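A short worksheet on the structure shown next.
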Amino acid sequence: MRETYEGKVAVVTGAADGMGLGLCRRLAELGAYVVMGDINGEKLNAEVARINQEHPGHALARVTDVTKKDQIRSLIRKTVEWKGFVHFLFNNAGMGGTLPVDQLELEDWRSLFELNFWSVLQGIYAVLPIMRMQGGGHIVNTSSIAGIVPLPYQEAYCATKYAVSAVGQCLRYELWDENIRFSTVCPSNVATSIFSGLPVPDDAVSVEEAVETILAGVGRNENLIVFPEADRKRWERFQTAPEEQEQILLGMARVRKENYRTKGRYF
Ligand SMILES: NC(=O)c1ccc[n+]([C@@H]2O[C@H](COP(=O)([O-])OP(=O)(O)OC[C@H]3O[C@@H](n4cnc5c(N)ncnc54)[C@H](O)[C@@H]3O)[C@@H](O)[C@H]2O)c1
C-alpha cells in the first residue's frame, strides 16, 4: 500500500470526521500529504494538528463548504500552491437521508443533491485541469451501497448516490486514456456519526476497516469498491437473480414500514 501513496498529495473532503478523517490519518501514516477540507473548522483544525504531531508537515487544513463552488476551487488551488500536485481527490463529504417519501419536501431533495452530488461534480471540474496538466490523477467519489441498490425509504439518498456512481463510472472510461482514474466507493454501514443520534447498526464495520478496503481498492484501480464482503456478495447475487433482489427489498420495505409505525425510525 505504501508504494501507492508515499509522497503523493491527496485532497479529502468531509475530512474532520468519519471515513474522511480515517482516510487522512491512514494516508499520512503511509507517507502521503493530505489537504483536509471540512465545513466544521474547529474539529478540522484539531484533527489536522493531531495528524501533524505524529507526521509533521503532512496535513493542511482548509475550511471548506463543499456546496460552495468557490470554496471547492480554493481547496484545490491551495493544494497546488502547497505541493504543486493533486494526485488523489477523495470526494467524500456527504450526509444520509432516510424518510418515508411523503415526509420529504422538495427542498430536502435539493439540499441532499447539493451536498451529496453537486459537490462531487464541482470537485471533479475543479481538479480536472490540474490532473490534465500534470498528466494524470485519481478521483475517488464516495457513493454508497445505496448508489447501486435501490433501498426503500432512501429514495432521495439513493438518487444522489446513483448519480455519483453514474458520473464516476462514465468518466472512468471517458478519461482513461488521459491517465485520469475514477473509483467509486460503495460502503454499506460504517460506524460513523452519520447515524447522528440513532444507534449504529449491528452490521456496521469500523472506520479503520472501511479505510483499508478503500485505499487497497484505489491502489488496485478498482471501478466500484463495494464493502463489507457480505453486502458485496449480496449485490453481486442481485445482478444474476433479480427476482431474489425483488423479494429481499420488498421484505426490507415492510420491516422499515413497521419500524416507522412502532419506533418512528427505520431500524
Ligand atoms: N457511514 C456509513 O454508513 C456510510 C455508508 C455509505 C456511504 N457513506 C458515505 O460516506 C461519506 C462519509 O460519510 P461518514 O459516515 O464518514 O460521515 P460523517 O458524518 O462521519 O462525516 C462527514 C463529514 O463531512 C463534513 N461535512 C458535512 N457537510 C459538509 C459540507 N457542506 N462541506 C464540507 N464538509 C461537510 C462533516 O462536518 C463531517 O466531518 C458520505 O458521502 C456518506 O454518504 C457513509
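I'd like the trypsin sites (Lys or Arg not before Pro) in the stretch 228-267 restricted to DSSP loop residues with at most 16 other Cβ atoms within 10 Å, sorted by number. Before the final figure, lay out each step's value.
Working: sites: R232, K233, R234, R237, R254, R256, K257, R261, K263, R265; in loops: R265.
Hits after loop and neighbour filter: R265.
Size descriptors for the chain, from the alpha-carbon set: Rg then Dmax equal 18.3, 56 Å. Is any residue of the stretch 158-179 close enough, with backbone N under 17 Å, to a label point placed 7 angstrom from the Cα of F267 along the Cα-Cβ axis, and if so, which? The answer is 158. How would the stretch 196-267 be classified by its alpha-carbon gyration tensor: rounded, prolate or oblate, with rounded meaning a/c under 1.5 and the a/b versus b/c comparison settling the rest? It is oblate, given that a/c is not under 1.5 and a/b is not larger than b/c.
Identify which of Q122, Q247, Q71 has the largest mean-square fluctuation in a Gaussian network model of the chain, with springs joining Cα atoms closer than 10 Å. Evaluated over the chain, the most mobile residue of the options is Q247. Note on the stretch 149-211 and the stretch 225-256: Cα centroid distance 15 Å, given to the nearest whole angstrom. Here the accessible area of the chain is 52 percent carbon and sulfur, with a 1.4 angstrom probe and all protein chains present. Rounded, prolate or oblate, given the Cα gyration tensor of the stretch 34-91, with a/c below 1.5 counting as rounded? The shape class here is oblate.
For the chain, modelled as a Gaussian network with Cα springs under 10 Å, which listed residue fluctuates most, R25, R110, R172? Looking only at R25, R110, R172, the largest GNM fluctuation is found for R110. Note on N259 and E243: their simple-model spin labels are 2.8 nm apart, each label 7 Å out from Cα toward Cβ. Of the peptides 58-70, 218-230, 192-204, the order by per-residue mean of other Cβ atoms within 10 Å, starting with the highest, comes out as 58-70, 218-230, 192-204. The overall shape of the stretch 228-267 is oblate: from the C-alpha gyration tensor, with semi-axes ordered a ≥ b ≥ c, the ratio a/c is 1.5 or greater and a/b is no larger than b/c. Around F88, with a cut-off of 13 angstrom between Cβ atoms, what is the net charge of the other residues, counting Lys and Arg +1 and Asp and Glu -1? Net local charge, F88 excluded: +3.
Note on N45 and N223: the extension gain reaches 60.8 nm, defined as 0.36 nm multiplied by sequence separation minus the Cα-Cα distance.
Would you mind checking K68/K263; K233/K263; K161/K233; K43/K161; K68/K233 for any pair whose Cα atoms are more than 28 angstrom apart?
Details: K68/K263 36 Å; K233/K263 30 Å; K161/K233 20 Å; K43/K161 26 Å; K68/K233 37 Å.
Table pairs above 28 Å Cα-Cα are K68/K263; K233/K263; K68/K233.
What residue among Y157, Y125, Y33 has the largest mean-square fluctuation in a Gaussian network model of the chain, using Cα springs under 10 Å? Its mean-square fluctuation being the largest, the pick is Y125.
What number, rounded to the nearest 500 deg cm²/dmol, is the helix-based mean residue ellipticity at 222 nm of the chain, given -39500 (n - 2.57) per DSSP H run of at least four residues and division by all its residues? Could you put the intermediate results ahead of the total?
On the way: 10 runs with 136 residues, N = 267.
So the calculated ellipticity at 222 nm is -16500 deg cm²/dmol.
The values are calculated or read from the model by the stated rules, or taken from the named source; none is laboratory data. This structure is a prediction, so every number in the text was calculated from the model and none was measured. Glycine gets a Cβ as well: all are built from the backbone with ideal geometry, and neighbour counts include every protein chain shown. These accessible areas exclude ligands, DNA and RNA; they are computed on the full protein's heavy atoms, side chains included. Shrake-Rupley method; radii C 1.70, N 1.55, O 1.52, S 1.80 Å.
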